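Chemist: The following block contains the structure, expressed as structure tokens.
Every number here is computed from the coordinates shown, using simple stated rules; none is lab data. Small disclaimer: the values here were computed from a predicted structure and weren't measured. Every residue, glycine among them, receives a Cβ derived from its backbone with ideal geometry; neighbour counts consider all protein chains shown.
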Amino acid sequence: MSQNLTVQEARGHEFETRQSNVYTIGKGKKPWVSFPMGKGIKLSVDEEARKRHPTTQATA
């Protein structure tokens, strides 16, 4: 029987996953590997567009 864990990612969002899917590469909050830009977190299409064009407002 697998146990579920609640994980909080770098941007503060929480999600649940099985314990067998979780591993760490580092100690505490210090990683032993480097992450790509954005700490390895993929932005949604909307977030990516807002990041590229912060002053553009969508009109509907």
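Chemist: Pull out the extension gain between THR24 and MET1, defined as 0.36 nm times the separation in residues minus the alpha carbon to alpha carbon distance; nm, one decimal.
Modeler: 6.1 nm
Chemist: What is the distance, in nm, between label points placed 7 Å from the Cα along the Cα-to-Cβ direction at ARG50 and at GLU14?
Modeler: 2.2
Chemist: Which of the trypsin sites (Lys or Arg not before Pro) found in the stretch 8-60 are loop residues per DSSP with 16 or fewer other Cβ atoms within 10 Å of their Cβ?
Modeler: Here the sparse-neighbourhood loop sites are ARG11, LYS29, LYS39, LYS42.
Chemist: Still on this model: Can you give the calculated 222 nm mean residue ellipticity of the chain, where each DSSP H run of n ≥ 4 adds -39,500 (n - 2.57) and the sum is split over every residue, rounded to the nearest 500 deg cm²/dmol?
Modeler: -3500 deg cm²/dmol
Chemist: Sticking with this structure for a sec: Report the local net charge at GLY38: Lys and Arg +1, Asp and Glu -1, summed over other residues whose C-beta lies under 14 Å from its C-beta. Provide the component values of the computation, followed by the final result.
Modeler: Numbers: positive: ARG11, LYS39, LYS42, ARG50, LYS51, ARG52; negative: GLU9, GLU47, GLU48.
Within the 14 Å Cβ shell, the charges total +3.
Chemist: To continue, here is another question. Just checking my list (i) 6.5; (ii) 3.3; (iii) 4.3 against mean projected area of the Cα convex hull in nm² computed from this structure; which label fits?
Modeler: (i)
Chemist: Can you tell me which lysines have their Cα less than 26 Å from the Cα of LYS30? Leave out same-chain residues fewer than eight positions away.
Modeler: LYS39, LYS42
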